[in-house]
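Below is one structure; the comments refer to it alone.
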Amino acid sequence: MVVGAIHQGSDYVDMVMEIKKVGIIGAGQMGNGIAHVCALAGYDVGLGDLSIDRIESGLASINGNMARQVQKGLITEEQRTGALDRIKPAQDLDLLSDADLVIESAVENESVKRKIFSQLCPILKPEAILATNTSSISITRLAASTDRPERFIGIHFMNPVPIMELVELVRGIATEDETFEASKQFCDRLGKQIAVAEDFPAFMVNRILLPMINEAIYTLYEGVGSVDSIDKAMKLGANHPMGPLQLADFIGLDTCLSIMQVLYEGLADTKYRPCPLLVKYVEAGWLGRKTQRGFYDYRGEEPVPTR
């Protein structure tokens with residue numbers, strides 16, 4: 001369905017799609033957060049992933065997070081139950097054939113994203129918008145791998161999605177104005193603030209944030225300070241809500257490494273070289289909170305620094 005906006009002094013009507021159903025590919029922390037805010041905003045949501053177990057895990061997280069919002073008085077119980085009813089499992093991608101907007105929120109790996117798009121594009125209706133929640137990969141390059149570069153856009157949510165207000169909106173070189181305007185209206189309805197970024201590696205937030213985290217890891221690697229000292233220094237000395245190493249664990253060290261690699265390869269500047277210690281942690285499978293070990297060990301009652 002489209003809504004028309006008549007431009008004065010012109011003989012045409014600019015048609016902007018009205019988004020009613022949103023598909024989300026990826027039921028992990030970011031994907032289930034996007035589903036959460038979309039459902040609360042009144043959208044019908046199809047949540048897809050590789051297995052029904054992952055989807056059910058994502059739905060359980062949404063349920064728990066919404067229950068906490070009810071306890072804090074942020075939403076009502078009626079809003080919670082209504083939103084949960086609007087989210088449907090979509091392990092079979094055919095269930096997204098009627099979606100007006102589909103947001104890919106899979107792992108930060110370009111080949112994985114391209115594979116998803118190749119499976120998704122033949123299913124979607126021609127006018128559907130396809131978006132990616134990538135935090136660093138070229139929107140133009142991803143769009144070129146689809147059948148609809150003009151209807152492709154980057155909609156980069158911040159983590160945790162229900163709490164963070166910002167969305168980075170990133171146009172590829174082929175993104176049409178209609179796609180951009182429909183995406184803006186979608187973000188507005190979610191109650192998010194929009195920052196428009198140009199399509200350069202890591203966009204704005206991660207271009208600034210991840211090199212800071214990488215430098216904190218170098219500071220640890222070179223023995224300038226311990227995990228505890230570095231995080232305490234930035235929390236108390238720079239008034240950051242959490243230290244950079246604690247934040248890295250929250251983001252996921254594999255994601256941090258992927259973004260630094262995109263910056264390093266995309267901008268060809270040695271200042272973006274990933275710290276060898278970050279590489280070592282990822283190789284060990286110590287990816288942060290999601291694996292219970294990173295720069296902190298989360299297996300006990302309180303997190304304990306691992307270095």
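Here, each number is a calculation from the coordinates, and none is a lab measurement. Predicted model only: the values in this text are computed from it and were never measured. Note: ideal-geometry Cβ built from the backbone for every residue, glycine included; neighbour counts use all protein chains shown.
Residues whose amide H lies under 5 Å from that of K88, counting only those 5 or more places away or on a different chain, are V45, G46, L47; hydrogens are built 1.01 Å from N in the peptide plane.
What is the dipole size for region 205-305, taken about its Cα centre, with +1 at each Lys and Arg Cβ and -1 at each Asp and Glu Cβ, in debye to the nearest 20?
Values: 10 positive and 12 negative charges, 27 e Å.
For region 205-305, the charge dipole is close to 140 debye.
For the chain, a simple Cβ point-charge model (Lys and Arg +1, Asp and Glu -1, everything else neutral) yields a dipole of about 760 debye relative to the Cα centre. For region 89-178, a/c is less than 1.5, where a ≥ b ≥ c are the root eigenvalues of the C-alpha gyration tensor. That puts it in the rounded class. Residues whose amide H lies under 5 Å from that of I75, counting only those 5 or more places away or on a different chain, are V70; hydrogens are built 1.01 Å from N in the peptide plane.
Note on the chain: GNM, Cα springs under 10 Å; of D44, D53, D147, the largest mean-square fluctuation is that of D53.
Between the Cα long axis of helix 110-120 and the first principal axis of the chain there is an angle of about 20°, rounded to the nearest 10.
Among V161, V167, sorting on how many other beta-carbon atoms sit within 10 Å of each Cβ, with the fewest leading, yields V161, V167.
Name the trypsin sites (Lys or Arg not before Pro) in region 18-81 that are in a loop by DSSP and that have at most 15 other C-beta atoms within 10 Å, would you? Don't jump to the answer; show the numbers that get you there.
Numbers: sites: K20, K21, R54, R68, K72, R80; in loops: K20, K72.
Listed in order of number, the matching sites are K20, K72.
Regarding region 205-305, what's the average projected area of the Cα-atom convex hull, expressed in nm²? Display every interim value, and only then the final one.
Working: hull surface 25.1 nm².
Directional mean of the projected Cα hull area for region 205-305 stands at 6.3 nm².
Taking the centroid of alpha carbons for each part, region 104-165 and region 229-292 are 24 Å apart. Between 0 and 90 degrees, the angle of helix 77-86 with respect to the longest Cα principal axis of the chain falls at about 70 degrees. Rg then Dmax, both in Å and based on the Cα atoms of region 2-197: 16.3, 55.
Pairs spanning more than 30 Å between alpha-carbon atoms, out of K72/K280; K72/K113; K113/K280; K232/K271; K125/K192: K72/K280; K72/K113.
Which value, in nm² and rounded to one decimal, describes the direction-averaged projected area of the C-alpha convex hull of region 123-221? Show your work: numbers first, answer last.
Working: hull surface 29.8 nm².
One quarter of the hull surface, i.e. the mean projection, equals 7.5 nm².
Give the angle, between 0 and 90 degrees and rounded to the nearest 10, that separates the Cα long axis of helix 205-221 from the longest principal axis of the Cα atoms of the chain. Taking the Cα atoms of the chain, the angle to 205-221 is about 20 degrees. Among E168, E110, the ranking by other beta carbons within 10 Å of each residue's beta carbon, starting with the fewest, stands as E110, E168. Remark: region 50-62, residue by residue, has Karplus-estimated 3J(HN,Hα) of 5, 9, 5, 4, 5, 5, 5, 5, x, 5, 5, 5, 4 Hz, where x stands for each Gly or Pro and the curve is 6.51 cos²θ - 1.76 cosθ + 1.60 at θ = phi - 60°.
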